[in-house]
1. Among the trypsin sites (Lys or Arg not before Pro) in the stretch 35-132, which ones are in a DSSP loop with at most 10 other Cβ atoms within 10 Å of the Cβ? Mind listing them?
2. For each of Val3, Val80, count neighbouring Cβ atoms within 10 Å of the residue's Cβ, then give the residues from fewest to most.
3. For the chain, what is the charge dipole size about the Cα centre, in debye to the nearest 20, if Lys and Arg each add +1 at the Cβ and Asp and Glu each add -1 at the Cβ?
4. Count the net charge of all other residues whose Cβ sits under 14 Å from the Cβ of Ala65, scoring Lys and Arg as +1 and Asp and Glu as -1.
5. Please give the Cα centre distance for the stretch 170-188 versus the stretch 33-94, rounded to the nearest Å.
6. Write out the GluC sites (Glu not before Pro) in the stretch 83-188 meeting two conditions: DSSP loop, and at most 10 other Cβ atoms within 10 Å of their Cβ.
7. For the chain, place one equal point scatterer on every Cα, skip the solvent, and apply the Debye formula. What is log10 of I(q)/I(0) at q = 0.13, 0.14, 0.16 Å⁻¹?
8. Report relative contact order for the stretch 5-188 in percent, whole number only (criteria: Cα-Cα under 8 Å, sequence separation at least 6).
Amino acid sequence: MTVGGALFFPGAGSGRDTPSLVAVDRALVDTLGVPVVRADFPYRREGRRAPDRAPKLIACVRAEASSLATTAGVPPDALVLGGRSMGGRMCSMAVAEGLPAAGLALIAYPLHPPGKADRLRIEHFPDIAVPCLFVSGTRDPFGTPEELESQTAAIAGEVTHVWIEGGRHELRGADARVAEAVADWVSAL
């Protein structure tokens with residue numbers, strides 16, 4: 001399949017201009033020449049700090065994906081969706097609920113809250129049937145490599161893991177490696 005565009009959302013505590021998403025945007029434009037949208041969730045656009053509940057966030061993902069598909073003149077299943085932490089999680093939930101996509105690029109997926117490995121955020125994994133990329137740090141308190149690999153086995157689509165050695169959840173200093181991993185994966189779809 002030819003990817004016709006990409007849509008990325010930030011984590012809960014940051015905005016669309018977070019450096020890792022800017023780096024991914026540039027890498028995809030340089031590599032594929034496709035339109036890339038980095039979108040903020042409504043709470044962020046309204047100047048609030050606390051995220052809305054998942055249904056409102058997922059509705060935003062759906063609306064932004066529809067808008068990008070229309071603007072780019074491509075079918076919705078030609079878009080790669082994803083983002084950092086909560087942003088990627090919301091995209092994965094939207095796809096599990098039936099939103100078409102070419103694939104999911106999930107950066108620092110928040111598998112569980114730090115120190116609460118019993119509160120997994122995976123209920124929707126079996127309903128994901130598109131290719132998925134997980135780019136995570138090997139020292140991420142939101143999920144170890146072993147935990148993430150074990151849980152993503154429930155995803156029906158092909159799953160690729162890229163590990164940033166020593167990286168924590170923020171993946172500080174690894175923007176270029178994250179962007180390269182996403183661009184390489186998207187190019188191979």
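1. Answer in residue order: Arg49, Arg53, Lys116, Arg119.
2. On the way: Val3 17, Val80 27.
Result, fewest neighbours first: Val3, Val80.
3. Details: 19 positive and 22 negative charges, 152 e Å.
Dipole size: approximately 740 debye.
4. On the way: positive: Arg38, Arg62; negative: Glu64, Asp77, Glu97.
Result for the local shell: -1.
5. Spelled out, the Cα-based centre of one part sits 19 Å from the other.
6. On the way: sites: Glu97, Glu123, Glu146, Glu147, Glu149, Glu158, Glu165, Glu170, Glu180; in loops: Glu97, Glu123, Glu158, Glu165, Glu170.
Answer in residue order: Glu123, Glu165.
7. Summing over Cα pairs of the chain leads to -0.58, -0.69, -0.93.
8. On the way: 370 pairs, mean separation 39.7, N = 184.
Averaging sequence separation for qualifying contacts and normalising by length gives 22 percent for the stretch 5-188.
Since every read-out is calculated from the coordinates, none of them should be taken as a lab result. On a predicted model such as this, the values are computed, not experimentally measured, just so you know. Because the Cβ atoms are built from the backbone with ideal geometry, glycine has one as well, and the counts that use them run over all protein chains shown.
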